[in-house]
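Working notes, structure below.
The values are calculated or read from the model by the stated rules, or taken from the named source; none is laboratory data. Since the structure is predicted, the reported quantities are computational estimates derived from the model, not experimental observations. So basically every Cβ, Gly included, is an ideal-geometry build from the backbone, and we count neighbours across all protein chains shown. Accessible surface is based on the protein model in full, side chains and every heavy atom, while ligands, DNA and RNA are left aside. Shrake-Rupley method; radii C 1.70, N 1.55, O 1.52, S 1.80 Å.
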Amino acid sequence: MNPSTVAPLIGAIALAIAVTGIHRRLPPALATRAVATTMVVVVIAAIPTMWLTTFAFLAHSPLADSGFAWCAKAFGVHHQPVPTGLGVASAFVAVVGTWRAIRAVRTHRQLRHDYPGSIEVLGHDQPFAFTLPGRGGHIVMSSALTDLLDDNEQGIVLAHESAHARHRHDRFLLIAHVTSSAIPLLRPLAARLEYSLERWADEVAARSCGDRRKVARTLGRVALGQFSTAGVASFAGLGVPARVAALLAPPVRRPHRGIIAAMWLVIVATAFLALFQLHHLSALVSALCPD
Amino acid sequence: MSRRPDGALETDIMKVLWRADRPLQPAEVNEHLDQGLAYTTVATVLGRLTAKGLVERTEAGRAYAYSAAVPEAALAGRRIAEVLEATPDRREALSWFVGSLSAKDARALRRLLDGLEQT
């Protein structure tokens, strides 16, 4: 393995661990942006390394005669044998990850709803509410939710969901799903991004109704009103109880400007280190287009 | 032109039909779409929408004319019903007010809310 392909990856992983550690101490909107950027940085650092490893492995495998030799040459990896275990794992994650990432984008596009937003009440016996992805910000509430909650509480749900729509949280959600599909190791970070998005919307709802405890109570009522616990389980400590606890605690103060600047500096520096990876692609481009 | 998923074209065609004040023939739909599509592409998708019951077909001379069979809001409702029955990865693409609770989460939540009622 070439150190120039691994160093940016180690930097990006270190950044991911650091951001995982501090995201709760940041206001939710800032935490969301920091986590999303970190996920993109990890992908930029990891994808070229993964494909280079895969190609180098294939070039030295018995398949080499069947046409993989040229790509090893193109990437300049023909002199670096790759252990079989690493090669197979890398090829597997590269192919399955790409397929899953494409599927995540497709799901997002199928659900996209771009025409002007509206609110819809859907007949259903479980209390739930959600926002469709897209510019429109179409909000859906179930009839069980409108029966369960009084007007004030419904207003809180609507304020929460419109915050998702207004701040285009679907884009952050898409980043979370595409990157964690491509690289399964990013799943804990994706869960943190989703948590930060919910916290962001909770705080917007709290500002609009002026009482954080009311928002906490509404969250709890809807969550406990669901009689099925099936579905997507949340990561421990990142579910509804954590959001309620955060609303009952004093709001997170925005850190000093210097600290925020330092954090972005580290993220941007790691991003540059990761972008350096992309120079490996220039070898491929020149191999494909000799002129 | 980049390839778009079929669902997007279906939605675009539905939008044309919703905006139209009379049934449209495939060529007219294609004109309104203005995406440089082949006539057959539009006719195929219209056929599929008819089969799904989203579009109604009436005879107009030698060709058929099409109009929307469902109001705009109902389509969203239909997609939502699909989402609710669908796999986790469709549910994950939406912003939900609350996610589902594990039994442990539910206990933790009750404790928090009990504390809230007593103060």
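Is there a residue being surrounded by fewer than 15 Cβ atoms within 10 Å (Cβ to Cβ) and either modelled with pLDDT of 75 or more or small (Gly, Ala, Ser) (or both) anywhere in the stretch B:87-99?
no
Of the residues that sit in the stretch B:97-109 and are at the interface with chain A (Cβ under 7 Å from one of its Cβ atoms) and not hydrophobic (A, V, I, L, M, F, W, C), which one is farthest from A:Ala201 (Cα to Cα)? Working first, answer last.
Filtering the stretch B:97-109 down to residues at the interface with chain A (Cβ under 7 Å from one of its Cβ atoms) leaves B:97-103, B:105-106, B:108-109.
Then drop every residue that is not not hydrophobic (A, V, I, L, M, F, W, C), which leaves B:99-100, B:102, B:105.
Numbers: B:Gly99: 14, B:Ser100: 17, B:Ser102: 22, B:Asp105: 20 Å.
Looking at the filtered set, the residue picked out is B:Ser102.
What helices (runs of 4 or more DSSP H) completely inside the stretch A:87-200 contain at least 2 residues that are more than 10 Å from every other protein chain (Cβ to nearest Cβ) and within 30 Å of B:Leu9 (Cβ to Cβ)?
Numbers: elements: A:143-148, A:151-166, A:169-182.
Correct list: A:151-166, A:169-182.
Checking the structure you have, find out if any residue of the stretch A:223-237 is hydrophobic (A, V, I, L, M, F, W, C), touching a Leu at 6+ places or on another chain (Cβ under 8 Å), within 10 Å of chain B (Cβ to nearest Cβ) and open to solvent by 10 Å² or more (accessible area, probe 1.4 Å). Can you show your working first?
In the first step, residues of the stretch A:223-237 are kept if they are hydrophobic (A, V, I, L, M, F, W, C); the result is A:223-224, A:227, A:230, A:232-233, A:235-236.
Okay, now just the ones that are also touching a Leu at 6+ places or on another chain (Cβ under 8 Å), so A:223-224.
Cutting the leftovers down to within 10 Å of chain B (Cβ to nearest Cβ) gives us A:223-224.
Among the residues that remain, those that are also open to solvent by 10 Å² or more (accessible area, probe 1.4 Å) are: A:224.
Yes.
Has the stretch B:22-39 got at least one residue that is among the charged types (D, E, K, R), modelled with pLDDT under 85 and within 27 Å of A:Gly134 (Cβ to Cβ)? Walk me through it before giving the result.
Within the stretch B:22-39, the subset among the charged types (D, E, K, R) is B:22, B:28, B:31, B:34.
Next, from what is left, pick out any that are modelled with pLDDT under 85: none.
Checking the stretch B:22-39: not a single residue is among the charged types (D, E, K, R), modelled with pLDDT under 85 and within 27 Å of A:Gly134 (Cβ to Cβ).
Are any of the residues in the stretch A:243-256 over 16 Å from A:Arg33 (Cβ atoms), in contact (Cβ under 8 Å) with a residue 40 or more places away in the chain and buried (at least 23 other Cβ atoms within 10 Å of the Cβ)?
Yes, the stretch A:243-256 has at least one match.
Look at A:Pro188 and say whether it is open to solvent by 30 Å² or more (accessible area, probe 1.4 Å) and under 15 Å from the mean Cα position of the chain (by Cα). I'd like the intermediate steps shown before the answer.
Working: open to solvent by 30 Å² or more (accessible area, probe 1.4 Å): yes; under 15 Å from the mean Cα position of the chain (by Cα): yes.
It is true that A:Pro188 is open to solvent by 30 Å² or more (accessible area, probe 1.4 Å) and under 15 Å from the mean Cα position of the chain (by Cα).
Whether any residue in the stretch B:51-61 is open to solvent by 50 Å² or more (accessible area, probe 1.4 Å), closer than 30 Å to A:Gly123 by Cβ, within 14 Å of chain A (Cβ to nearest Cβ) and modelled with pLDDT under 85 is what I want to check. Reasoning before the result, please.
First, the residues of the stretch B:51-61 that are open to solvent by 50 Å² or more (accessible area, probe 1.4 Å): B:51-52, B:56-59, B:61.
Next, from what is left, pick out any that are closer than 30 Å to A:Gly123 by Cβ: B:51-52, B:56-57.
Those left that are additionally within 14 Å of chain A (Cβ to nearest Cβ): none.
No, because not a single residue in the stretch B:51-61 is open to solvent by 50 Å² or more (accessible area, probe 1.4 Å), closer than 30 Å to A:Gly123 by Cβ, within 14 Å of chain A (Cβ to nearest Cβ) and modelled with pLDDT under 85.
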